[in-house]
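Reviewing the structure listed below.
The values are calculated or read from the model by the stated rules, or taken from the named source; none is laboratory data. Model, not experiment: these values are computed from the prediction. Neighbour counts are summed over all protein chains in view; Cβ atoms, including those assigned to glycine, are modelled from backbone coordinates with ideal geometry. Ligands, DNA and RNA are stripped out before the accessible areas are found, and what is left, the full protein with its side chains, is counted by its heavy atoms. Shrake-Rupley method; radii C 1.70, N 1.55, O 1.52, S 1.80 Å.
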Amino acid sequence: MKTILLILFLMLTNSVYSQDEASLSLSIGSGLVALGHDLDLDSFKITYDFSTEHSVKVKFVENSLQWIRIRGNLVVPKARVVVELPGSSYEYHLSYLDKSYILQQEREISSTQIEISLFHPHNVDVYKNGEKIGEIAFDIRSEHDEEKTKIIDNSCAPFGLEVKVPKGEFISIGCNLHLRGVFGSEKALLEISWMGPNLTLLKKGNPPYKINMATSGPAKILVNDQAKKKHLLEIKANVPPRMYRMKTALGFGPYTFDSKYGVKQRKAKISGAAMLYAKFDLTPHSSLRAFDALVWEKSIFNNFGLYFAYTVASVMDNRVLFVPLLGMQGLVFKYESGGNVFTQAIFPQGIEIVYKHAFGLKNWHLIYGMFLNPSDDEEYSNLWVRFGKRVFGELNYISWEENDKKARMFGLSMGIPFFNFF
């Protein structure tokens with residue numbers, strides 16, 4: 001099992017060194033998971049407008065509704081439609097979003113499929129022998145309550161967005177947090193992107209629309225619906241006044257601790273334990289991390305480490321992240337008062353698997369991590385499971401053995417924020 005885990009770790013870390021920065025974060029699987037709303041193809045209506053009578057048929061492809069992520073962390077729906085026209089296929093072509101579509105012939109019917117962006121539903125123009133004969137339009141209607149028409153991406157979860165939109169109108173919102181200013185004294189700029197299938201600015205522009213928030217004051221704008229009726233759109237967010245790269249936390253909790261030195265051995269007893277965690281953000285996807293774990297019960301065992309962390313892969317629409325940890329550790333062991341102090345540098349490598357917004361709880365993260373030692377000279381394992389937000393609980397197991405010395409600790413601790421700076 002240890003060998004398999006090490007191979008997986010090396011495969012992930014190898015991608016850090018073999019790819020450029022633009023392609024480092026791999027997104028495995030394009031489907032988006034539970035978004036918390038009930039939008040389906042029944043919410044959309046297809047209408048035709050033809051200058052002459054044509055027996056055109058247009059329908060959605062069953063089960064073709066798919067959510068995709070676009071720039072600005074917006075999630076929007078797309079679906080495929082089938083367009084059928086009578087006669088020879090060479091007479092027709094369709095135009096949608098500056099692209100032309102050629103039809104195929106099947107018996108006396110000409111047809112094609114087009115993928116439509118349902119939150120930016122441009123008309124499909126129909127041409128016969130080079131002349132426009134009509135267009136196909138898409139309209140969205142909702143009977144859902146106001147909260148279910150707000151599709152707010154998880155990227156906005158840390159900022160407590162409050163959104164007021166016209167009743168029955170869908171809106172999709174995504175967030176990106178940027179650091180602006182001198183390194184070490186940066187402030188936050190929250191970029192909010194939004195678009196809706198029926199909502200446009202009074203002077204029509206191309207969505208998605210942008211709001212840059214430097215403070216927590218609300219952003220308000222008049223918008224038109226499809227009937228050119230004006231509505232007030234309002235978005236509020238909690239923008240942090242100051243962004244710190246260095247974040248620290250303390251952990252305390254009861255642990256069992258057993259130790260061995262030569263022929264002397266202490267069985268597992270409930271012991272005091274203290275932890276220090278530190279994280280220095282380099283980029284949105286990389287950081288330097290440090291930890292220190294101290295346990296004592298007559299014997300003393302201290303384990304500390306420094307690591308470089310980088311998100312190399314994500315699945316389930318960035319809800320699950322894979323984060324290798326590359327670095328080194330130090331050990332201090334003292335079996336008894338007045339005895340010798342043993343110190344050692346070791347080089348176990350690790351990985352964290354992060355499940356963001358776990359079990360549907362916004363901003364609650366479930367993290368599994370481990371350090372394994374690739375060397376056979378000493379035995380070392382460090383496994384942890386962490387769950388929470390700023391305050392978190394952690395289940396941790398550390399075992400070390402070298403020649404006639406051994407220390408092992410296992411317990412549950414509570415982590416709390418300590419202080420942030422830089």
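Val312 fails exactly one of the following numbered conditions: (1) touching a helix residue (DSSP H, G or I) at 6+ places or on another chain (Cβ under 8 Å); (2) of a type in the set (Val, Ile, Thr); (3) open to solvent by 10 Å² or more (accessible area, probe 1.4 Å). What is the number of that condition?
If we test Val312 against (1) touching a helix residue (DSSP H, G or I) at 6+ places or on another chain (Cβ under 8 Å); (2) of a type in the set (Val, Ile, Thr); (3) open to solvent by 10 Å² or more (accessible area, probe 1.4 Å), just (3) comes out false.
Regarding Phe170, is this residue aromatic (Phe, Trp, Tyr), open to solvent by 20 Å² or more (accessible area, probe 1.4 Å), more than 19 Å from the chain's Cα centre (by Cα) and farther than 22 Å from Leu361 by Cβ?
In short, no.
Where residues in segment 393-408 are in contact (Cβ under 8 Å) with a residue 24 or more places away in the chain and under 33 Å from the mean Cα position of the chain (by Cα), which of them is surrounded by the most Cβ atoms within 10 Å (Cβ to Cβ)?
Among those residues, the one meeting the criterion is Ile398.
Take segment 192-231 and flag every residue that is among the polar types (S, T, N, Q), open to solvent by 70 Å² or more (accessible area, probe 1.4 Å) and in contact (Cβ under 8 Å) with a residue 24 or more places away in the chain.
Once the filter is applied, which keeps residues that are among the polar types (S, T, N, Q), open to solvent by 70 Å² or more (accessible area, probe 1.4 Å) and in contact (Cβ under 8 Å) with a residue 24 or more places away in the chain, segment 192-231 yields Thr215, Gln226.
When segment 145-185 is examined, which residues are found to be assigned to a helix (DSSP H, G or I) and modelled with pLDDT under 85?
Glu146, Glu147, Lys148, Thr149 - these are the residues of segment 145-185 that are assigned to a helix (DSSP H, G or I) and modelled with pLDDT under 85.
Pro348 fails exactly one of the following numbered conditions: (1) open to solvent by 20 Å² or more (accessible area, probe 1.4 Å); (2) of a type outside the set (Lys, Arg); (3) closer than 27 Å to Arg266 by Cα. What is the number of that condition?
(1)
Find the strands (runs of 3 or more DSSP E) located wholly in segment 268-364 whose residues include 2 or more that are closer than 29 Å to Ile68 by Cβ, at pLDDT below 95 and touching a strand residue (DSSP E or B) at 6+ places or on another chain (Cβ under 6 Å), and list them.
313-315
If you check Lys167, Lys148, which single one turns out to be in contact with a His (Cβ under 7 Å, 6 or more places away or on another chain) and under 18 Å from Leu39 (Cβ atoms)?
Lys148
Run down Ile300, Ile270 and say which single residue is aliphatic (A, V, I, L, M), open to solvent by 20 Å² or more (accessible area, probe 1.4 Å), in contact with a Pro (Cβ under 6 Å, 6 or more places away or on another chain) and farther than 30 Å from Val76 by Cβ.
The conditions single out Ile270.
Between a residue in segment 351-367 that is of a type in the set (Lys, Arg) and any residue that is loosely packed, with under 14 Cβ neighbours inside 10 Å and not in a strand (DSSP E or B), which pairs come within a Cβ distance under 7 Å, given they are 6 or more apart or on different chains?
Qualifying pairs under 7 Å: none.
Out of everything in segment 82-124 that is open to solvent by less than 20 Å² (accessible area, probe 1.4 Å) and among the aromatic types (Phe, Trp, Tyr), what residue ends up being modelled with the lowest pLDDT?
Phe119
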